[in-house]
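The values are calculated or read from the model by the stated rules, or taken from the named source; none is laboratory data. Note that the structure is a prediction, hence the values are computed from the model and not measured. Neighbour counts are summed over all protein chains in view; Cβ atoms, including those assigned to glycine, are modelled from backbone coordinates with ideal geometry. What goes into the accessible areas is simple: the full protein's heavy atoms, side chains included, and nothing from ligands, DNA or RNA. Shrake-Rupley method; radii C 1.70, N 1.55, O 1.52, S 1.80 Å.
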Amino acid sequence: MIIDYLFTAAIPILLFFCVWCGSKKSPNQDSFMNKDYTKVLKGACCIIVILVHIPLQYQNKLQDGIGSFAYICVTLFFLISAYGMKLSEEAKPDYINHFWRNRLAALLIPVALINVCVCMYQCLILFNNWGGVKSLLRVNDYVIVLLQYCLWFYLVSLGRKLYGERILNALLIIGIVVSSAVMYFFFDKTGWCYERWGLLWGLLLYLNLPLIKKYVAPNYRKIIVLGVIALTLGVAYLKFKPVFFWGEYLLKIVLGIAIIALVFTLSSKRIWGNKAIFFLGDISYEVYLSHGFIMALLAHFCPQLSSGLFVLSTVIGTIVFSTAIHAVGKPLVSLCRHR
């Protein structure tokens, strides 16, 4: 129905204005990958990720088309995480000493709060249909990948004095590539085997930031070339994605980096940010963790919602719920982190 497409279209339109408002040209790239820039990226990406997980009975073609870019958004989340970890390690001499205390607090406290809400829903609304301790201790797959990388990052960093920075970075790269390949070949393509390459892009971005800034400095010719490359790879992926390894794995990864390069080129010489998109960036982690729960609530209490209303209600409900979780979790995280 047309009304479903109108409700769904409202989301990317509002998101576009939310990102664009307050942005302005910059004579340089000083704001590229700074805190505000990454917060804007996270705010935009978290909304797109919601759209890919809409239950089948509530999907429509527009939502599905926009949601197809969600794997790029998850790749960007991983990129920002890896970049931020290297940046923090460089800026804080005692970063590794308090690494686990800080990372576990930031990653697991929001997870725990949402799990409590899920268990309350299961017990009180579904009449004791509780998933047991397993539900209370459940950790999202995305968080598991981050914890895996955190463990590897920590172990490799402990040996810095023995083998130096160059080997340390090589080991980090090897760990990401090997873990992705293992997940692809031996675990039925689970474990975010494509998206976790974002960890590698974030690491390389940090290590080569001045050079990459030159490559993503925008001009019309570069934007057109990157756009054509991304479009060509996208069409190729639609055709060859069933092909083992070369199509469904390697081509998807290359397409992802091509789109990310285009996004960086379009945005690296602008100053981004306003209160709305910064707010979304602040709650982006909670949005990612909680949108499935909000969908379950809507499907339970409002099963007759049309596709467009369900999609729009999910986005609005997730933002409201995530705001509450963030408000409760932020002081708890601050209390647990090393100051």
### Task
Mind computing the radius of gyration and Dmax over the alpha-carbon atoms of the range 31-96? Å is fine for both.
15.6, 52
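Once fully extended, how much extra length lies between residue 165 and residue 244, figured as 0.36 nm per residue of separation less the alpha-carbon to alpha-carbon distance? Please report the intermediate quantities before stating the final value.
Details: separation 79, 0.36 × 79 = 28.44 nm, distance 3.59 nm.
Result for the pair: 24.8 nm of gain on full extension.
Place a +1 charge on the Cβ of each Lys and Arg in the range 109-233 and a -1 charge on the Cβ of each Asp and Glu, then give the dipole magnitude about the Cα centre in debye, rounded to the nearest 20.
Numbers: 11 positive and 4 negative charges, 96 e Å.
The calculated dipole for the range 109-233 is roughly 460 debye.
Using the Cα centre as the reference, give the magnitude of the dipole from point charges on the C-beta atoms of the chain (Lys, Arg: +1; Asp, Glu: -1; all else neutral), rounded to the nearest 20 debye. Before the final figure, lay out each step's value.
Working: 30 positive and 14 negative charges, 185 e Å.
Approximately 880 debye in magnitude.
Figure the gain on full extension for residue 137 and residue 116 (residue separation times 0.36 nm, minus the Cα-Cα span) and round it to one decimal in nm. Mind showing how you got there, number by number?
Numbers: separation 21, 0.36 × 21 = 7.56 nm, distance 0.92 nm.
Net length gain for the segment: 6.6 nm.
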### Query
How much FRET efficiency would the formula 1/(1 + (r/R0)^6) give for residue 219 and residue 69, where r is the Cβ-Cβ distance and R0 is 25 Å, rounded to 0.05?
0.55
## Note on the structure
Here the Cα Rg-to-2.2 N^0.38 Å ratio for the range 1-48 is 1.47
### Task
Distance between Cα centroids, the range 168-237 to the range 284-328: provide it in whole Å.
30 Å
### Query
What ranking do 268-281, 243-256 get when scored by the average of other Cβ atoms within 10 Å per residue, highest first?
268-281, 243-256
#### Entry: Cα→Cβ-extended label distance, 7 Å offset, between residue 34 and residue 328, nm
3.5 nm
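Would you mind telling me the share, in percent, of accessible area of the range 134-224 contributed by carbon and sulfur at probe 1.4 angstrom? Let's see the in-between values first.
Working: 3630 of 5270 Å².
Roughly 69 percent, rounded to a whole number.
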### Message
So if the hydrodynamic radius of the range 66-198 is defined as the Kirkwood radius over C-alpha pairs, what does Stokes-Einstein give as its diffusion coefficient at 25 °C and 0.890 mPa s, in µm² per second?
### Response
146 µm²/s
### Message
What distance in nm lies between label points placed 7 Å from Cα along the C-beta direction at residue 188 and residue 13?
### Response
4.2 nm
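Working out 0.36 nm times the residue gap between residue 275 and residue 108, then minus their Cα-Cα distance, what length gain in nm do you get to one decimal? Can you show the working numbers first?
Values: separation 167, 0.36 × 167 = 60.12 nm, distance 2.62 nm.
Gain on stretching residue 275 to residue 108: 57.5 nm.
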### Message
Suppose we keep just the alpha-carbon trace of the range 1-145; what are its Rg and Dmax in angstrom?
### Response
19.3, 60
### Other-chain or far-sequence residues with amide H under 5 Å of residue 270's (modelled H)
26
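Tell me the net charge near residue 106. Cut-off is 12 Å between Cβ atoms, residue 106 excluded, with +1 for each Lys or Arg and -1 for each Asp or Glu. Write down the numbers at each step before the final one.
On the way: positive: 101, 103, 330, 337; negative: 286.
Around residue 106, the surrounding residues sum to +3.
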### Query
Which whole-Hz couplings ³J(HN,Hα) result when phi for each residue of the range 27-35 is put into the Karplus expression 6.51 cos²θ - 1.76 cosθ + 1.60, θ = phi - 60°, listed in order with x for Gly and Pro?
x, 9, 10, 4, 8, 5, 6, 7, 4
### Message
For a protection proxy built on the mean count of beta-carbon atoms within 10 angstrom, sort 257-265, 211-219 highest first, please.
### Response
257-265, 211-219
### Summary
For the chain, Rg(Cα) over 2.2 N^0.38 Å is 1.02
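How large is the Rg to Rh ratio of the range 145-290 when both quantities use alpha carbon positions and Rh follows Kirkwood?
Values: Rg = 17.6 Å, Rh = 17.6 Å.
Rounded to two decimals, Rg/Rh equals 1.00.
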### Message
Which order do the peptides 197-207, 328-338, 20-30 come out in when sorted by mean C-beta neighbours inside 10 angstrom, highest first?
### Response
197-207, 328-338, 20-30
